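Below is one structure, written out as structure tokens; comments come after it.
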Amino acid sequence: GNMGSPAVLEAQIRELQEKSVASAAALRTLVTQGEALQSRVQGKRTLRPFITEMRSEGEALERKLAESSTVVQMVVENVRRLDLAQANTRKALDRAEGIVGLKATVDGVAGAIVEEDWERAAQSMQRYLHVAPEESGTQTEGAALESLRKSLVWLRSIVADKCQGAIDARDEAGVVRFCRLMTQ
């Protein structure tokens, strides 16, 4: 499978953390037992060097565990940073797609109005008008949304006129068409 996936990494990290906690606990027990043994046989000189050696080994092991725990923390932090970076990249891409889409929409609406394809103009606008521009949005983006809003006002007044015209002309299909557009 995919060895580098964050989920796999996190599972391995958790396992490492659990192991290091368990090892540290076992080690403390060992050191305590060593101390008890040392006090019991304090008088017997022959065991002294052995106990000192055992204690220094224990301390070295404890140091190593502390280092491995630091490495684990660093890996955890790096995985977190990676996730954050991925989320930010995704957001930036969505934003870029949105701006490109907005430009295409403005062009599409202008074309549809010129061709008097009111339905297409209305549908193109609907998609973007309930998307509020972000605070960090570019000026171009703001201008494009403003242009869309103006087009919408214009489109609504044209449609209202056409609807009234259809009513006056007793054009039932026209009335249905333009009333439907007005409620969009």
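The values are calculated or read from the model by the stated rules, or taken from the named source; none is laboratory data. What you see is a predicted model, and the numbers here were worked out from it, not measured in a lab. Cβ placement follows ideal geometry from the backbone for every residue including glycine, while neighbour counts extend to all protein chains displayed. The area values use the complete protein model at the heavy-atom level, side chains included, leaving out ligands, DNA and RNA. Shrake-Rupley method; radii C 1.70, N 1.55, O 1.52, S 1.80 Å.
Hey, could you check the stretch 74-114 for residues that are open to solvent by 100 Å² or more (accessible area, probe 1.4 Å) and not aliphatic (A, V, I, L, M) and say which is farthest from the chain's Cα centre (by Cα)? The residue in question is Lys103. The residues on offer are Glu135, Glu141, and the sole one that is among the acidic types (Asp, Glu), at pLDDT below 80 and exposed (fewer than 12 other Cβ atoms within 10 Å of the Cβ) is Glu135. When each of Gln17, Gln73 is tested for being touching a residue at least 24 places away in the same chain (Cβ under 8 Å) and either under 30 Å from Ala144 (Cβ atoms) or assigned to a helix (DSSP H, G or I) (or both), the lone residue that passes is Gln17.
Can you go through Ala96, Ala85, Ala66, Ala104 and tell me which one is in a helix (DSSP H, G or I) and modelled with pLDDT of 80 or more? Steps first, answer last, please.
Numbers: Ala96 fails: modelled with pLDDT of 80 or more; Ala66 fails: modelled with pLDDT of 80 or more; Ala104 fails: modelled with pLDDT of 80 or more.
Within the list Ala96, Ala85, Ala66, Ala104, the selection yields Ala85.
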